[in-house]
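Below is one structure, written out as structure tokens; the observations come after it.
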Amino acid sequence: MLLLRYLSRWPLRLLHALGSIVGWLSYGLSPSYRQRFVANARRAGISHACSRRAIAAAGQLVAELPFLWLRPATQPILHHVTWDGIALAEAAYDQGRGVVFLTPHLGCFEVTAQALAERFGANYGPITVLYRPARQRWLRELQADSRARPSLATAPATVAGVRKMIRALRRGEAVGLLPDQVPPDGMGVWAPFFGQPAYTMVLAARLVQQTGATPLLVWGERLARGRGYIVHVSTLPHALPAGDEAQAECATAINRAMETLIRQCPQQYLWGYDRYKSPRAVSGP
């Protein structure tokens, strides 16, 4: 913990330099991670010359966490953020029906929630972010403490967490989730992702359908040499089909939207993430 607090005071350019080393060490020392990384990128049609830059980016994602999690609450993340498409978010908030922000494992997804909380929290209420608690107690406690920032709330990936998100949307607030994260068993359907069946959450579509909230795509691009981030906001390419019988269609549509974002910057996607694994049993109440 002391080491993490020490690293949280480093400038981003040094953290990203350290992260590049960590990324390449992980890639070189773990055959299973390396094989999964190469296979996932090849499945998406991404050349190794392009995807190899994501090796360092994965390490940078880890190395920037001390800064994002442990910096003082008085140090705004907005000083490090520029926006692309912010008018779409403003319009969605103004409708008062709630906003569902969908973010893939692309770039710095931690920065998107913090930036949205700082930009809109004072006027529209907090953003509630779905997360999967870590298995290690110390990391689980660190997650909870570090994410307890003004206008930023969290909801665990449980039935209780889903209810919390629905209540937030009905108050006209925003929620955020990573739809390319493998959900617990019973909370998803099998849908194609880069041409291969992947267990895909149905929660994103259900939140939109049950509350009338506006779905938006968002991701945080990590700039070189520690120059901060660009938070990109865009709309879903197509409306989500309605009805419980359309779950597979909704999951497919959202997966295609995630693919579109990932292809915009494959150098910053987590190709080593085990996207095609089988779901684990649901936990919690």
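The numbers here are math on the coordinates, done by the rules we state, and not lab data. Note that this is a predicted model, so its numbers are computed, not measured. Heads up, the Cβs are rebuilt from the backbone with ideal geometry, glycines too, and the neighbour counts pull from every protein chain shown.
Summary of values
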read-out: The chain - Kirkwood radius from inverse mean 1/r over Cα pairs (Å); value: 19.2 Å
read-out: Between region 10-46 and region 90-114, the Cα center-to-center distance that results, in Å; value: 26 Å
read-out: Cα centre as origin, Lys/Arg/Asp/Glu Cβ charges: the chain dipole, Debye; value: 800 debye
read-out: Alpha-carbon centroid distance for the pair region 220-267 / region 146-214, whole angstrom; value: 14 Å
read-out: Summed residue charge, Cβ within 9 Å of Pro156's Cβ, Lys/Arg positive, Asp/Glu negative; value: +2
read-out: Farthest toward positive dipole pole in the chain [+1 Lys/Arg, -1 Asp/Glu at C-beta], among Pro279, Ile254, Met165; value: Pro279
read-out: Normalised contact order of the chain, rounded percent, pairs of Cα under 8 Å and 6 or more residues apart; value: 26 percent
read-out: Calculated [θ] (222 nm, deg cm²/dmol) that DSSP helices of n ≥ 4 give over the chain, each run adding -39,500 (n - 2.57); value: -14000 deg cm²/dmol
